[in-house]
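J.: Below you will find the structure I want to go over with you.
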Amino acid sequence: MPESEEKNILLNASQGDLEAFGILYEKYVERIYNYVYYRTGNVHDAEDLSARVFYRALNHIHTYTDRGLPFSAWLYRIAHNLIANWHRDRSRHQEIPLSDAPIIHFKSEPPEVTLMQTQEQDSLLRYIRHLPSERQHLLILKFVEHMSNADIGVTMGRSEGAVKSLYHRTLLALRNELESSD
Amino acid sequence: MTNIKQLADASMGKLTSLEKQLSGVLRPIEPRKEFVRGVAHRIRTGSQVDLLVDRIANWHLIALLMAGLITLAVFLAVVGRTLLSLLEKKRTA
C-alpha cells in the first residue's frame, strides 16, 4: 500500500470510517500479533491483547496525529502499554508448559508443521522475555519482521546508529546470560 | 596481538551463532484465521460491546479517580463542618 494511500485511509479512519479502519487492521494485525505473542509467550493472551490493541486504537483514532512516524509505531506503543499492564497484573510472567501450549503455525511453513520447541530454544525465549521491553521490540522487528536497522530506527524513533548499538548491547547481554546459565 | 585477534574472532563467532539461534527462535507466526476474521468483523460492524469493554478495562484509573473524589468530598465536609462549628462558637461567645 503506497504511503499516500495509507494517509488517506488513516484520515478516513480518524473521521469514523470503520471500513477504513478495517483496512488498517488487516494490514497490521499480523505484525501486532507477532509482537504481542513474543512479548507474552502464549497464544491466548496474544489474541486477547492484540484484539484490545485494535479496539483501543479504534477508540482513540480521532486523536491520532501524524508526527512523521509510521502508523505502526502508534500501534506498537498501544501494544507496549497494554503488555506493561498485563505484566503488572501478574506477579510473575505467565509461562504455559509446552504440553498445555496451544498449537502455533509458523508463517513460512505448512499448517501441519507445528511448533516443537527444544529446551534450548525455550530457554532462549525466556531470556528474551526478561530483556527490557525496548530490546525485545528491537529483536522482534529484526528477526520476526526482518526490518533493516534504518526502518527499525524509524519505528522506534531512534537513529540507525543507536539501533545498531542497542542491538550489539542486546546480543552481548543475551550471550552473557546464556553463558552464566551454562 | 594475535591473541587479541583470536579473542575478538571467538567473541564474534559466538555472537554470530547467537544470531543464528535467534533467527531460529524468533520466526513470524500466523494468527488463527478465526481470530483475525472475528476481530475484523467486530471492527467493521462497530460492535460497541468490545469498545466499551476496552474503556472499562481502564477500571484501575476509574477506581483511583473515584477514590480520590470521595476522599476529597469527605475532607471538604469535615473542614466545612469544623469551620461552621467554630463560627457558631464565636457567635455564641
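J.: State which residue pairs qualify: first residue within 7 Å of another protein chain (Cβ to nearest Cβ) and inside region B:13-41, second residue outside any helix (DSSP H, G or I) and surrounded by 15 or more Cβ atoms within 10 Å (Cβ to Cβ) in any location, beta carbons under 7 Å apart, and separation of 6 or more residues or different chains.
T.: Close Cβ pairs (under 7 Å, with a partner that is outside any helix (DSSP H, G or I) and surrounded by 15 or more Cβ atoms within 10 Å (Cβ to Cβ)) amount to B:29/A:104; B:29/A:105; B:30/A:105.
For every residue, the table says whether it meets (1) within 21 Å of residue B:21 (Cβ to Cβ); (2) charged (D, E, K, R); (3) at pLDDT 90 or above; (4) not assigned by TED's automatic domain parsing to the domain that holds residue A:41.
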{"residue": "A:111", "(1), (2), (3), (4)": "no, no, no, yes"}
{"residue": "A:127", "(1), (2), (3), (4)": "yes, no, yes, yes"}
{"residue": "A:132", "(1), (2), (3), (4)": "yes, no, yes, yes"}
{"residue": "A:147", "(1), (2), (3), (4)": "yes, no, yes, yes"}
{"residue": "A:151", "(1), (2), (3), (4)": "no, yes, yes, yes"}
{"residue": "A:163", "(1), (2), (3), (4)": "yes, no, yes, yes"}
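J.: Within region A:50-75, which residues are farther than 16 Å from residue A:26 by Cα and either among the β-branched types (Val, Ile, Thr) or in contact with a Leu (Cβ under 9 Å, 6 or more places away or on another chain) (or both)?
T.: A:59, A:63, A:64, A:65, A:66, listed by residue number.
J.: In the set A:34, A:59, which member is in contact with a strand residue (DSSP E or B) (Cβ under 9 Å, 6 or more places away or on another chain) and either polar (S, T, N, Q) or in the same structural domain as residue A:142 (by TED's automatic domain parsing) (or both)? Even if it seems obvious, please write down each step before you answer.
T.: On the way: A:59 fails: in contact with a strand residue (DSSP E or B) (Cβ under 9 Å, 6 or more places away or on another chain).
When all the criteria are applied, what remains is A:34.
J.: Kindly provide the set of residues from region A:30-44 that are within 12 Å of residue A:79 (Cα to Cα) and free of Cβ contacts under 8 Å to residues at least 60 places away in the same chain, ordered by number.
T.: A:32, A:33, A:36, A:40
J.: Now for a different question. Out of region A:128-169, which residues are at the interface with another protein chain (Cβ under 10 Å from one of its Cβ atoms) and not in a helix (DSSP H, G or I)?
T.: Matches in region A:128-169: A:145, A:146.
J.: Of all residues in region A:32-52, count the ones that are more than 9 Å from every other protein chain (Cβ to nearest Cβ) and under 20 Å from residue A:152 (Cα atoms). Show your work before the answer.
T.: Pass one, region A:32-52, residues more than 9 Å from every other protein chain (Cβ to nearest Cβ): A:32, A:35-36, A:39-42, A:44-45, A:48-49.
Subset that is under 20 Å from residue A:152 (Cα atoms): A:32, A:35-36, A:39.
Qualifying residue count for the region: 4.
J.: For residue A:26, are the conditions met, namely being farther than 22 Å from residue B:26 by Cβ and not small (Gly, Ala, Ser)? Quick ask: steps written out before the conclusion?
T.: Values: farther than 22 Å from residue B:26 by Cβ: yes; not small (Gly, Ala, Ser): yes.
Yes, satisfied.
J.: Restricting to region A:170-182, name every residue that is facing chain B (nearest Cβ under 10 Å) and outside any helix (DSSP H, G or I). Give the steps one after another, and end with the answer.
T.: Applying the first criterion (facing chain B (nearest Cβ under 10 Å)) to region A:170-182 yields A:170-172, A:174-175, A:178-179.
Those that are facing chain B (nearest Cβ under 10 Å) and outside any helix (DSSP H, G or I): none in region A:170-182.
The values are calculated or read from the model by the stated rules, or taken from the named source; none is laboratory data. Please read these numbers as outputs of a predicted model, since none were measured by experiment. FYI the Cβ positions are ideal-geometry reconstructions off the backbone, even for glycines, and counts take in every protein chain you see.
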